[in-house]
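Asks: Sharing a structure, written as structure tokens. Questions coming.
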Amino acid sequence: MNNKFLYTVLFSSVIAMLSGCDDKKVDTKSADASLKTVSTVSAKMDATSQKKEEKPTPEVIAAKLQIYIKCYSLLDAGINHSFNQYSSWVKDVDQGPAGNETEVSGMSPVNSKLLEFCNNKMPLAAERQPGIPELDHAALNFIKSANSLSEVMNSLSQYYRQEDYKKDAFLKGKTSHAEFMNKLKSYNSDSVAFRSAIDTANDAQQLARLQEIEQSEGKNVRYHALSIVINAKKLNAILVQDKFSAESATRIMSEIQASLDVMKQPSANTAKKPQDYSKLIKNIEEYVLAAQQRINHVRDNQPFTEAEKAQLTDQQSSAMVEGTFNHAMKANNEMIASFNLLQ
């Protein structure tokens, strides 16, 4: 099971896609300037790290996370899509193109406007005080690796798109493959570290927000909605595994169901229920059903039909198969989207 998909869909539900995206090659000079900016900001952060630590406010954390999640989610998704495209026609991705491939799909470039946006915004977010050292450093390492990787990816993208491989008998494709894979390996390492740092900061922020709502408003519908989102993430970390304890999963499911029952009560703080509240309830119910189907499938060792097995080879089509993690995550994604629209 690909754990990365879990985070991809979670993050995709809390961001808005940038408009005007294109496939233009990233300007190398701009990329070099961005690397210098990242290095400068990183040095400033190291210089100020010796000062007395000041706890970041929820507003500072939220502002940083808004930028970090957007850039991580969109850049990482684009890079993974491009690599999947590349590996779909290169038979041995460790060795690279053999030069006798009959179908050459190339690879998509890293979106230039998105990279420019993140190069401008991420260093500013990292520099914003008070800092969150682990998260901010992980952010700068991530965007630095993304810039470095994008240079070779965009060069290869243009090479295959213009069919230059036909002119040099795949020479550049072969000689650039090792550099591409080395930079991809470094990028993936920084990506995992950044994702983990985002999770840690986001989890802490959500728990703090839950406590704040309880203290100021009591356990109202907003409290229970956020509680469900927090518990769903815990549950998803279990459901993504090929084998797991159904008892542990059911325990979290019971907490989610209890909060859902409160939210569905007609008398539950009706004055504070947001507009389109019924859509959120519907999405939560659909997630609960999909998650339970996943639990049942693993607990009872239910086999998939031959038709379902055929769908499991593709991430998108597998989301339509009941009992799969991707099916549960599709419902989760829709639930989180509804939740965010009502905040």
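Asks: If the Cβ limit is 8 Å and pairs must be 6+ apart or interchain, which residue in the stretch 75-99 that is assigned by TED's automatic domain parsing to the domain that holds ASN182 pairs with which residue that is exposed (fewer than 13 other Cβ atoms within 10 Å of the Cβ) and acidic (Asp, Glu)?
Replies: As it stands, the answer is TRP89/GLU103; ALA98/ASP92, since those pairs meet every condition given.
Asks: I've got another one for you. Among residues belonging to the stretch 114-155 that are in contact with an Asp or Glu (Cβ under 7 Å, 6 or more places away or on another chain) and modelled with pLDDT of 95 or more, point out the one that is surrounded by the fewest Cβ atoms within 10 Å (Cβ to Cβ).
Replies: Initial filter on the stretch 114-155 (in contact with an Asp or Glu (Cβ under 7 Å, 6 or more places away or on another chain)): 126, 130, 141-142, 145, 152.
Filter once more, keeping what is modelled with pLDDT of 95 or more: 126, 141-142, 145, 152.
On the way: ALA126: 25, ASN141: 20, PHE142: 28, SER145: 23, VAL152: 17.
It comes out as VAL152.
Asks: State whether one or more residues within the stretch 222-235 are in a helix (DSSP H, G or I), in contact with a Gly (Cβ under 7 Å, 6 or more places away or on another chain) and of a type outside the set (Gly, Ala, Ser).
Replies: Narrowing the stretch 222-235 to residues in a helix (DSSP H, G or I): 222-235.
Of the ones still in play, those that are also in contact with a Gly (Cβ under 7 Å, 6 or more places away or on another chain) are none.
No; the residues of the stretch 222-235 include none that is in a helix (DSSP H, G or I), in contact with a Gly (Cβ under 7 Å, 6 or more places away or on another chain) and of a type outside the set (Gly, Ala, Ser).
Asks: Has the stretch 47-68 got any residue that is under 26 Å from LYS172 (Cα atoms), modelled with pLDDT of 95 or more and surrounded by 21 or more Cβ atoms within 10 Å (Cβ to Cβ)?
Replies: The first filter runs over the stretch 47-68 and keeps only residues under 26 Å from LYS172 (Cα atoms), leaving none.
No, the stretch 47-68 has no match at all.
Asks: Suppose the filter is under 21 Å from the mean Cα position of the chain (by Cα) and either assigned to a loop (DSSP other than H, G, I, E, B) or assigned by TED's automatic domain parsing to the domain that holds LEU149 (or both); does PRO109 pass it?
Replies: On the way: under 21 Å from the mean Cα position of the chain (by Cα): yes; either assigned to a loop (DSSP other than H, G, I, E, B) or assigned by TED's automatic domain parsing to the domain that holds LEU149 (or both): yes.
Criteria met by PRO109.
Asks: Same structure again: Answer yes if at least one residue in the stretch 162-176 is among the β-branched types (Val, Ile, Thr) and either part of a helix (DSSP H, G or I) or within 19 Å of the chain's Cα centre (by Cα) (or both), and no otherwise.
Replies: Going residue by residue through the stretch 162-176, those that are among the β-branched types (Val, Ile, Thr) are 175.
Next, only the ones that are either part of a helix (DSSP H, G or I) or within 19 Å of the chain's Cα centre (by Cα) (or both) stay: 175.
Yes: the stretch 162-176 contains one or more residues that are among the β-branched types (Val, Ile, Thr) and either part of a helix (DSSP H, G or I) or within 19 Å of the chain's Cα centre (by Cα) (or both).
Asks: State yes or no: is ARG161 touching a residue at least 60 places away in the same chain (Cβ under 8 Å) and either outside the structural domain of ARG195 (by TED's automatic domain parsing) or of a type in the set (Lys, Arg) (or both)? Lay out the reasoning, then the answer.
Replies: Numbers: touching a residue at least 60 places away in the same chain (Cβ under 8 Å): no; either outside the structural domain of ARG195 (by TED's automatic domain parsing) or of a type in the set (Lys, Arg) (or both): yes.
Judged against the criteria, ARG161 is not a match.
Asks: Can you confirm whether the stretch 305-314 contains a residue that is at pLDDT below 95 and surrounded by 17 or more Cβ atoms within 10 Å (Cβ to Cβ)?
Replies: Our first condition is that a residue be at pLDDT below 95; within the stretch 305-314, this holds for 305-314.
Remaining after also requiring surrounded by 17 or more Cβ atoms within 10 Å (Cβ to Cβ): 311.
So far as the stretch 305-314 goes, yes, one or more of its residues are at pLDDT below 95 and surrounded by 17 or more Cβ atoms within 10 Å (Cβ to Cβ).
Asks: Something else now. Give the stretch 156-194 a look and list any residue that's on the phi > 0 side of the Ramachandran plot and exposed (fewer than 15 other Cβ atoms within 10 Å of the Cβ), or say none.
Replies: Narrowing the stretch 156-194 to residues on the phi > 0 side of the Ramachandran plot: 163, 169-170.
Within the stretch 156-194, GLU163, ALA169 meet the criteria.
Asks: If you don't mind, there's one more thing I want to ask. Taking into account only those residues within the stretch 322-343 that are in a loop (DSSP other than H, G, I, E, B) and modelled with pLDDT of 95 or more, which is farthest from LEU239 (Cα to Cα)?
Replies: Looking at the filtered set, the residue picked out is GLU322.
Asks: Let me ask you something else. Among the residues of the stretch 176-219, what is the count of those that are over 17 Å from ILE79 (Cα atoms) and charged (D, E, K, R)?
Replies: Residues in the stretch 176-219 being over 17 Å from ILE79 (Cα atoms) and charged (D, E, K, R): 7 in total.
Asks: Just one of GLN241, GLN211, GLN215, GLN206 is outside any helix (DSSP H, G or I) and either touching a Ser or Thr at 6+ places or on another chain (Cβ under 8 Å) or surrounded by fewer than 16 Cβ atoms within 10 Å (Cβ to Cβ) (or both); which is it?
Replies: Working: GLN211 fails: outside any helix (DSSP H, G or I); GLN215 fails: outside any helix (DSSP H, G or I); GLN206 fails: outside any helix (DSSP H, G or I).
Every option except GLN241 fails the conditions.
Asks: Mind telling me which of the residues LYS279, LYS264 ends up being touching a Ser or Thr at 6+ places or on another chain (Cβ under 6 Å) and of a type in the set (Lys, Arg)?
Replies: On the way: LYS264 fails: touching a Ser or Thr at 6+ places or on another chain (Cβ under 6 Å).
Only one candidate qualifies: LYS279.
The values are calculated or read from the model by the stated rules, or taken from the named source; none is laboratory data. Note that this is a predicted model, so its numbers are computed, not measured. Here the Cβ is made from the backbone with ideal geometry for all residues, glycine too, and neighbour counts use every protein chain on show.
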